[in-house]
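For reference, the structure is listed below as structure tokens.
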Amino acid sequence: MQRQFQLYIVPTPIGNMDDITLRAIEVLKNVDIIACEDTRTTQNILNHYNIKTKTVSYHKFNEKSKSDEIISIIKSGKTLALVSDAGTPMICDPGSVLLKELYKNDISVTSLAGPCAVTTFLSQVPRDNEYFTFVGFFPKTSQKAEELLGRFSDTNLVFYESPNRILDTLRLIKEYRGNIKVALGRELTKLFEEIVIDTADNIIEHFKDGIKGEIVCMVYASDDTNIDTKTKIKQLKDKGFKSKEIATILSTLYNLNKNDVYKLTME
Ligand code: SAM
């Protein structure tokens, strides 16, 4: 006997159609309505599993108005499932606006376990520790990207990126963090899935003829203090600080030798 909820968050495949749980199929069959990011995309999955449930659209451009509508549908006694185009709703996909309203209205919610690009990726990428920071899509402006790379240099930094931008992003990472180790996952669970773990330079070389498909990427935490310090030096230099000031700031904040930092500022 399963506990009943009013709204179910249901992950759907990120490529391989078979990556859907028995419970997900059961829930999608039994709820009254499925709220989809794109009804046509979800219809392919529904057809594949012979699910006849009615769909409504819920996407980032109608989140507020649709949330109100969904709340009234649920209050009228109906149950709903929320799906996104692929993977787990709420992971770089809409849902937050609706969830806030659901909790405000004391509506019971549950989330099913299932496919997600970031966990599919991380579960096949070796790491020395469990720490990682997932930041969603990599920032589009170089200023934000540099801030992020500096801020998270001591943890494994995981992000989604488009195939059009990934090579430039890797070049920027190399500029900021040196020729650091990177893991790149492409087309996970699909026919041409690929995991490449190498230095930023070698990955750029590997994809020199271009890169296609969906991508998850992880920049390994720096294990070289000098690389971290160099990143911070560059950030401070960009903000107009002089070598002497940088040496004072970094040696004070990070308990480093002031002369060593000063020497690094001259490199
Ligand atoms: N909600 C999804 C999830 O659970 O992973 C993510 C949605 S986000 C809008 C789409 C991005 O996720 C893609 O641009 C890509 O970076 C990543 N992604 C989705 N499917 C993927 C796959 N099969 N392989 C690699 N990355 C994937």
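The values are calculated or read from the model by the stated rules, or taken from the named source; none is laboratory data. Bear in mind the structure is a predicted one, so any value in this text is a computation, not a measurement. No Cβ is skipped: glycine too gets one built from the backbone with ideal geometry, and neighbour counts run over all protein chains shown. These accessible areas exclude ligands, DNA and RNA; they are computed on the full protein's heavy atoms, side chains included. Shrake-Rupley method; radii C 1.70, N 1.55, O 1.52, S 1.80 Å.
Restricting to the stretch 134-162, and then to whatever is away from the ligand (no atom under 16 Å from the Cβ) and assigned to a loop (DSSP other than H, G, I, E, B), can you tell me which residue is surrounded by the fewest Cβ atoms within 10 Å (Cβ to Cβ)? Taking the candidates together, the pick is Thr141.
The residue that is nearest to Ser153 (Cα to Cα), among those in the stretch 204-218 that are within 15 Å of the ligand (Cβ to nearest atom) and among the aliphatic types (A, V, I, L, M), is Met218.
Applying the set (1) assigned by TED's automatic domain parsing to the domain that holds Ile14; (2) within 15 Å of the ligand (Cβ to nearest atom); (3) open to solvent by less than 60 Å² (accessible area, probe 1.4 Å); (4) of a type outside the set (A, V, I, L, M, F, W, C) to Asn105 leaves exactly one unmet item: (2). For the stretch 1-37, filtering for residues that are in contact with a helix residue (DSSP H, G or I) (Cβ under 9 Å, 6 or more places away or on another chain), acidic (Asp, Glu) and under 20 Å from Thr119 (Cα atoms) leaves 1. Does Ile233 count as touching a residue at least 24 places away in the same chain (Cβ under 8 Å), part of a helix (DSSP H, G or I) and under 28 Å from Pro115 (Cα atoms)? No. The condition of being within 16 Å of the ligand (Cβ to nearest atom), open to solvent by 30 Å² or more (accessible area, probe 1.4 Å) and either over 24 Å from the mean Cα position of the chain (by Cα) or at negative phi (or both) does not hold for Lys237. Of all residues in the stretch 126-145, none are among the small types (Gly, Ala, Ser) and touching a Gly at 6+ places or on another chain (Cβ under 6 Å).
Look at the stretch 167-191: where a residue is without any contact (Cβ under 8 Å) to a residue 60 or more places away in the chain and a partner is among the small types (Gly, Ala, Ser), sitting 6+ places away or on another chain with Cβ atoms under 6 Å, you get Leu170/Ala200; Leu172/Ala145; Ile173/Ala200; Lys174/Ala200; Asn179/Ala200; Ile180/Ala200; Val182/Ala200; Arg186/Gly213. Could you grab the pairs with beta carbons closer than 7 Å, sequence gap of 6+ or different chains, first residue in the stretch 106-132 and over 27 Å from Leu28 (Cβ atoms), second one part of a loop (DSSP other than H, G, I, E, B) and more than 16 Å from the ligand (Cβ to nearest atom)? That search, which allows pairs on different chains as well, returns Tyr131/Thr155; Phe132/Thr155.
Per the conditions (1) open to solvent by less than 70 Å² (accessible area, probe 1.4 Å); (2) in a loop (DSSP other than H, G, I, E, B); (3) closer than 30 Å to Arg186 by Cα; (4) more than 16 Å from the ligand (Cβ to nearest atom), the sole criterion not satisfied by Asn50 is (1).
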